[in-house]
Amino acid sequence: MARIVSLLPASTEIAAALGLIQDIVGVSHECDFPEEVNAKPRVTSCPIHRAGLSSREVDEWVRGALRENGTIYTIDEALLRELRPDVILTQKLCDVCAVGYGTVTRLAETLPGPPNVLNLEPSRLSGIFDDIRRVAEVCGVKERADKLIAGLSRRVEAVRERVARIPGRPRCFLMEWVDPPFCSGHWGPELVEIAGGYDPLGRKHEPSVEIEWEAVLQTQPEIIVLALCGYDAERASRDYELLREFPGFDSLPAAQTGRIHVVDGNAYFSRPGPRIVDSLEILAGILHPSEFPEFVSKVQD
């Protein structure tokens with residue numbers, strides 16, 4: 001048995017899907033799925049977590065904290081030592097997503113063992129599957145990964161095969177933040193593509209970036225999906241009301257046809273774990289509801 005500390009919601013879900021929930025001894029303040037992890041000790045914290053700030057205030061605070069401190073999170077070193085992990089699951093893909101990788105590795109070097117620090121840094125769907133394999137291997141359950149990935153891959157291919165029969169690909173803007181506007185990046189545009197759409201603003205396999213609202217007006221998206229990083233559908237709905245006030249919003253084809261959807265970005269699109277395939281199915285239901293009626297019920301709005 002490996003004592004696991006997971007500093008990412010995605011890695012917590014990966015470990016749980018591999019049948020390792022009982023081996024997890026500590027999690028981050030953001031880990032919330034499956035339900036059992038909510039009883040685990042929290043080894044990180046963030047001053048603005050659930051602080052009720054507006055999206056603009058969150059963006060400004062994050063930029064300032066990263067500029068001044070290099071991180072927006074605090075790690076409970078005393079608790080981490082008490083938990084005596086054999087494996088720490090973390091990442092260095094995004095400074096906004098978890099405690100800085102350098103901070104974790106430096107601290108890990110001072111712990112007994114020291115623990116194995118596994119960096120999960122996917123930028124594409126296949127990379128997420130690779131990370132599942134890596135977690136399984138370091139935790140000694142390699143065969144479980146093969147079964148899990150096979151099931152997830154079958155679902156992906158089922159969507160891909162049905163999309164191949166559909167003529168045309170609607171322009172879909174997968175929006176990662178509203179104020180200021182951010183496009184999607186990494187696996188986001190890839191999911192849109194597999195689901196039968198085209199995201200002209202997305203940065204496939206690259207980090208998301210802030211964009212000018214004028215760029216959205218110029219591309220005239222037929223569908224807009226608000227998959228806001230760290231926000232559930234209810235919180236994202238508040239930013240949808242803000243988005244409606246942007247200049248020229250009513251001129252967009254998506255606004256004129258009512259094809260604007262608010263989804264749970266926090267649980268699905270922002271988490272590179274097993275539920276990323278649920279994200280794909282949600283997109284398929286949004287982009288082609290008549291072809292994928294069974295996925296329409298997964299769409300929040």
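Considering P272, P247, which residue is open to solvent by 20 Å² or more (accessible area, probe 1.4 Å), part of a loop (DSSP other than H, G, I, E, B) and under 20 Å from C229 (Cα atoms)?
P272
Of the residues in region 103-156, how many are in a helix (DSSP H, G or I), under 19 Å from I24 (Cβ atoms), of a type in the set (G, A, S) and open to solvent by 20 Å² or more (accessible area, probe 1.4 Å)?
Number satisfying all stated conditions: 0.
Can you say whether E176 is surrounded by 18 or more Cβ atoms within 10 Å (Cβ to Cβ), in contact with a strand residue (DSSP E or B) (Cβ under 6 Å, 6 or more places away or on another chain) and part of a strand (DSSP E or B), as far as the supplied structure shows? I'd like the intermediate steps shown before the answer.
Working: surrounded by 18 or more Cβ atoms within 10 Å (Cβ to Cβ): yes; in contact with a strand residue (DSSP E or B) (Cβ under 6 Å, 6 or more places away or on another chain): yes; part of a strand (DSSP E or B): yes.
For E176, the condition - surrounded by 18 or more Cβ atoms within 10 Å (Cβ to Cβ), in contact with a strand residue (DSSP E or B) (Cβ under 6 Å, 6 or more places away or on another chain) and part of a strand (DSSP E or B) - is met.
With the requirement that a residue be at pLDDT below 95 and open to solvent by 30 Å² or more (accessible area, probe 1.4 Å), what does region 211-236 give you?
Matches in region 211-236: C229, G230, D232, E234, R235.
Restricting region 72-102 to residues that are open to solvent by 30 Å² or more (accessible area, probe 1.4 Å) and in contact with an Asp or Glu (Cβ under 8 Å, 6 or more places away or on another chain), which is modelled with the highest pLDDT?
K92
Can you confirm whether region 190-209 contains a residue that is in a loop (DSSP other than H, G, I, E, B), on the phi > 0 side of the Ramachandran plot and either touching a Pro at 6+ places or on another chain (Cβ under 7 Å) or open to solvent by 20 Å² or more (accessible area, probe 1.4 Å) (or both)?
Narrowing region 190-209 to residues in a loop (DSSP other than H, G, I, E, B): 195-197, 199-202, 205-209.
So of that shortlist, the ones also on the phi > 0 side of the Ramachandran plot come out as 196, 205.
Filter once more, keeping what is either touching a Pro at 6+ places or on another chain (Cβ under 7 Å) or open to solvent by 20 Å² or more (accessible area, probe 1.4 Å) (or both): 205.
Checked against the condition, which is being in a loop (DSSP other than H, G, I, E, B), on the phi > 0 side of the Ramachandran plot and either touching a Pro at 6+ places or on another chain (Cβ under 7 Å) or open to solvent by 20 Å² or more (accessible area, probe 1.4 Å) (or both), region 190-209 yields at least one hit.
Restricting the first residue to region 164-186 and requiring it to be more than 28 Å from R63 (Cβ to Cβ), which pairs with a second residue that is hydroxyl-bearing (S, T, Y) and surrounded by fewer than 22 Cβ atoms within 10 Å (Cβ to Cβ) meet a Cβ separation below 6 Å and a spacing of at least six or different chains?
R169/Y198; R171/Y198
Suppose we filter region 275-292 for residues that are touching a Leu at 6+ places or on another chain (Cβ under 6 Å) and surrounded by fewer than 21 Cβ atoms within 10 Å (Cβ to Cβ); how many remain?
Counting residues in region 275-292 that are touching a Leu at 6+ places or on another chain (Cβ under 6 Å) and surrounded by fewer than 21 Cβ atoms within 10 Å (Cβ to Cβ) gives 0.
List the pairs whose first member sits in region 217-233 and is assigned to a helix (DSSP H, G or I), whose second member is of a type in the set (G, A, S) and open to solvent by less than 30 Å² (accessible area, probe 1.4 Å), and whose Cβ atoms are under 9 Å apart, counting only residues at least 6 apart or on separate chains?
Partner pairs satisfying both residue conditions: A233/G265; A233/A267.
I'm trying to understand the selection: among the residues of region 245-261, which are touching a strand residue (DSSP E or B) at 6+ places or on another chain (Cβ under 9 Å) and more than 15 Å from D199 (Cβ to Cβ)? Let's see the steps before the verdict.
Of region 245-261, the ones touching a strand residue (DSSP E or B) at 6+ places or on another chain (Cβ under 9 Å) are 252-255, 257, 259-261.
Within region 245-261, A255, T257 qualify.
In the list A267, A255, which residue meets the criterion of being small (G, A, S), over 20 Å from the mean Cα position of the chain (by Cα), more than 17 Å from S123 (Cβ to Cβ) and assigned to a helix (DSSP H, G or I)?
Within the list A267, A255, the selection yields A255.
Might you check whether a residue that is without any contact (Cβ under 8 Å) to a residue 60 or more places away in the chain, assigned to a strand (DSSP E or B), under 18 Å from the mean Cα position of the chain (by Cα) and more than 21 Å from I149 (Cα to Cα) occurs anywhere in region 10-26?
no
The values are calculated or read from the model by the stated rules, or taken from the named source; none is laboratory data. This one's a predicted model, so the numbers in the text were calculated from it and none came from an experiment. Because the Cβ atoms are built from the backbone with ideal geometry, glycine has one as well, and the counts that use them run over all protein chains shown. Accessible surface areas use protein heavy atoms only, side chains included; no ligands, DNA or RNA. Shrake-Rupley method; radii C 1.70, N 1.55, O 1.52, S 1.80 Å.
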